[in-house]
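What follows is a set of notes on a single structure, which appears directly below.
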Amino acid sequence: MTKLSTSTKEKLKKVSTATVATCLFKKGLKNQFIQSVKPLRLGRPTMVGEAYTLRYIPAREDLNPIEVFRDPKHLQRVAVEECPEGAVLVIDSRQNARAASAGSILVTRLMVRGASGIITDGGFRDSAEIADLDFSSYHNRPTAPTNLTLHQAIAINDPIGCGDVAVFPGDVIIGDDDGVMVIPAHLADEVADECIQMTFYEDFVLEKVKGGKAIIGLYPMVDEEIKAMFEKWKSDKN
């Protein structure tokens with residue numbers, strides 16, 4: 001498995017999920033945006049980390065009484081205690097937010113242990129408390145019932161589906177105010193480099209558009225005169 005380097009992580013923190021989406025689209029990957037999740041708090045720094053996964057199946061009542069939380073091997077608790085530093089815990093809740101995927105105590109524990117964030121395609125309880133944490137968190141909507149009501153934790157760090165996207169352990173997760181993108185691990189370095197260059201050009205474009213420049217020929221760049229302007233702009237910036 002490709003390990004996310006510090007350099008690539010720092011590059012991805014400087015780009016947007018929109019830019020990553022366009023980059024992956026150019027590579028033929030059209031379904032990497034986790035659907036129907038949003039940040040509990042807007043304006044946080046960009047979240048980047050490798051995926052560590054937890055999968056739920058529908059709960060069966062005889063296997064999910066409240067007493068199961070006493071089991072030190074309960075997989076929801078184990079996932080929180082074993083999620084690596086810098087990783088993002090990604091939870092497959094089957095897009096079912098009628099019961100919580102986790103609450104503020106578990107999310108706080110993840111934060112203290114040094115994880116980069118948490119995502120579920122279900123919902124969190126204690127959502128206001130989670131939103132107040134200095135920690136990136138994404139869900140569909142708030143929900144009060146405990147996870148045992150509808151979810152049974154069944155597997156850790158297996159391939160999962162989250163918001164209609166395949167997520168493999170070690171895939172690189174990037175989240176901002178727009179939502180969450182999943183970058184296949186083997187493409188992370190390449191995508192980071194390309195997105196840095198794309199962002200640099202988009203900064204140039206935005207500056208010109210604010211100055212009254214028309215989009216045609218500028219975005220995308222197909223005009224040789226504009227290309228020369230961009231090269232000079234880059235040189236001046238450097």
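Values for this structure:
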| item | result |
| --- | --- |
| 15 Å Cα-Cα reach of Lys73 towards aspartates and glutamates, excluding residues that sit fewer than 8 places from it in its own chain | Glu81, Glu82 |
| Correct choice for mean projected area of the Cα convex hull in nm² that was computed from the model, options (1) 14.2; (2) 18.6; (3) 16.3 | (1) |
| Solvent-accessible surface (1.4 angstrom probe) belonging to Ser93, in square angstrom, nearest 10 | 0 Å² |
| Computed magnitude of the charge dipole of segment 1-132 (debye, nearest 20; Cβ of K, R +1, Cβ of D, E -1) | 700 debye |
| Fraction of antiparallel bridges per DSSP, the chain only, in percent to nearest 5 | 60 percent |
| Between segment 211-238 and segment 86-110, the Cα center-to-center distance that results, in Å | 44 Å |
| With every protein chain in place, segment 38-171: carbon and sulfur % of accessible area (1.4 Å) | 52 percent |
| Cleavage-rule hits (GluC sites (Glu not before Pro)) in segment 1-104: DSSP loop, at most 13 neighbouring Cβ within 10 angstrom | Glu85 |
| At most 12 other Cβ within 10 Å, DSSP loop - trypsin sites (Lys or Arg not before Pro), segment 1-55 | Lys3, Lys30 |
| Table column - 3J(HN,Hα) (Hz), segment 103-119, Karplus curve with 6.51, -1.76, 1.60, x for Gly and Pro | x, 5, 5, 5, 5, 4, 4, 4, 4, 5, 7, x, 5, 8, x, 9, 9 |
| Surface accessible to a 1.4 Å probe, per residue, for the residues of segment 1-108, Å² | 54 Å² |
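The values are calculated or read from the model by the stated rules, or taken from the named source; none is laboratory data. Bear in mind that the values here come from a model prediction, so they are computed numbers and not experimental data. Methodologically, a virtual Cβ is constructed for each residue, glycine included, from the backbone with ideal geometry; neighbour enumeration extends over all protein chains shown. When the accessible area is computed, the model is the full protein with side chains, heavy atoms only, and any ligands, DNA or RNA have been set aside. Shrake-Rupley method; radii C 1.70, N 1.55, O 1.52, S 1.80 Å.
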